[in-house]
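This report refers to the structure that appears directly beneath it.
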Amino acid sequence: MFFEEHLDEALSREGSPVIGSGHAANSVNISVGGVVDNAFLLASRHATGDLLKSLIQATENERCAPDILPYPEAVIDGVIAQMALQNEQIRLLSAEEKQKAATSSTGISLLPFKPSDIMALEVQRAQFFLVELLRCRLRKIESLALTIHYESQSGANAPTHLRDHLSHNEVIVADRLAELITRCVRQAGLQSVPPELQQLVPNPPYAEGVEVLPLPDVDRYVFCVVLDDLGVVRLGEDAEQTVHAGEVFIVPYHTFRPYILEGRVRLV
């Protein structure tokens, strides 16, 4: 599968939860005498559960947010590292199950599944949310590529700071998409106009300003669940309210955006 073929990319990154010899040591010590270490499995599943909750929340926030949220590097790298370890556990457990089935006097188990199958389903679940998160971000990057690319230009007065929220690879994708869009539009007929009017990004005083850039609709209404007591929050021009944990709001996205970035509010 795609992510199984690209696990090393995140694992080799500096600061990854599992890199180098530490990964190898964990892989070797998973099994002692051919039996999977139950304490290791329990700790691993607990850590995986916490990471999966964070991944699900990051995915839900990204789905509902009109702009691009900061790239959750720690969560994504942690999930990929846990997936790599779980794949190793599945391999060892599957080999142990086959060995037991071959030497058992009772023959092959009649159960429709094995413990290794359940662990494999856990990995597939994590892969689903990981793919959904990355694809959602890519869809936004595709629609906002010109704006993201414009932010990198010196002296650019960009109304957003989306580029700071992207990973290194996402920045490369955004820049390449912006270049392709510009090339295609020029080949379709824009090359016939004067050079100063061929820009798809702000080029005053000869062409449009920042209004030509695609921008996320931060005034769109969203559902929010408050995770922490926020105190008094301004909900509108003339409206203030004390916000407590557990409350649900339908408000313009920009109202709670700072708290969403802090992890004190989540989108649903």
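The values are calculated or read from the model by the stated rules, or taken from the named source; none is laboratory data. Bear in mind the structure is a predicted one, so any value in this text is a computation, not a measurement. Every residue, glycine as well, gets a Cβ built from its backbone with ideal geometry; the counts of neighbours run over all protein chains shown.
The rows are residues; the columns are (1) surrounded by fewer than 20 Cβ atoms within 10 Å (Cβ to Cβ); (2) under 28 Å from Glu179 (Cα atoms).
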site	(1), (2)
Ile56	yes, no
Glu73	yes, yes
Ala81	no, no
Thr103	yes, no
Pro115	yes, no
Gly155	yes, yes
Counting just the residues of segment 215-262 that are of a type in the set (Ser, Thr, Tyr) and in contact with a helix residue (DSSP H, G or I) (Cβ under 9 Å, 6 or more places away or on another chain), which one comes out surrounded by the fewest Cβ atoms within 10 Å (Cβ to Cβ)? Tyr221
Looking across segment 229-261 at residues that are among the acidic types (Asp, Glu) and at pLDDT below 95, the single one that is farthest from Gln57 (Cα to Cα) is Asp238
Condition broken by Val212, with the remaining ones in (1) over 24 Å from Pro70 (Cβ atoms); (2) surrounded by 15 or more Cβ atoms within 10 Å (Cβ to Cβ); (3) modelled with pLDDT of 95 or more satisfied: (3)
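Inspect segment 120-127 for any residue being surrounded by 12 or more Cβ atoms within 10 Å (Cβ to Cβ), free of Cβ contacts under 8 Å to residues at least 40 places away in the same chain and basic (Lys, Arg) and give the result as yes or no.
Initially, segment 120-127 is screened for residues surrounded by 12 or more Cβ atoms within 10 Å (Cβ to Cβ), giving 120, 122-123, 125-127.
Going one step further and asking which of them are free of Cβ contacts under 8 Å to residues at least 40 places away in the same chain, we end up with 120.
After this cut, where a residue has to be basic (Lys, Arg) as well, the list is none.
No, that holds for no residue.
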Cβ-Cβ below 6 Å, separation at least six or inter-chain, first residue in segment 156-170 and assigned by TED's automatic domain parsing to the domain that holds Asn203, second surrounded by fewer than 18 Cβ atoms within 10 Å (Cβ to Cβ) and modelled with pLDDT under 90: which pairs? Pro159/Val210
Kindly indicate which of Glu132, Glu151 is farther than 30 Å from Gly49 by Cα, crowded, with 16+ Cβ neighbours inside 10 Å and touching a helix residue (DSSP H, G or I) at 6+ places or on another chain (Cβ under 6 Å). Glu151
Kindly list the number of the only condition in (1) more than 26 Å from the chain's Cα centre (by Cα); (2) touching a residue at least 60 places away in the same chain (Cβ under 8 Å) that fails for Ser104. (2)
In the list Glu60, Glu132, Glu142, which residue meets the criterion of being in a helix (DSSP H, G or I), within 30 Å of Pro258 (Cα to Cα), modelled with pLDDT of 95 or more and in contact with a Ser or Thr (Cβ under 6 Å, 6 or more places away or on another chain)? Glu132
Inside segment 215-256, can you point out the residues that are touching a residue at least 60 places away in the same chain (Cβ under 8 Å) and outside any loop (DSSP other than H, G, I, E, B)? Val222, Phe223, Tyr253
Residues that are surrounded by fewer than 16 Cβ atoms within 10 Å (Cβ to Cβ) and either within 29 Å of the chain's Cα centre (by Cα) or assigned by TED's automatic domain parsing to the domain that holds Asp77 (or both), drawn from segment 176-205: Arg176, Glu179, Leu180, Ile181
All but one of (1) buried (at least 18 other Cβ atoms within 10 Å of the Cβ); (2) modelled with pLDDT under 90; (3) of a type in the set (Gly, Ala, Ser) hold for Gly49, so report the exception by its number. (1)
Could you list all residues from segment 157-175 that are polar (S, T, N, Q) and surrounded by 16 or more Cβ atoms within 10 Å (Cβ to Cβ)? Thr160, Ser167
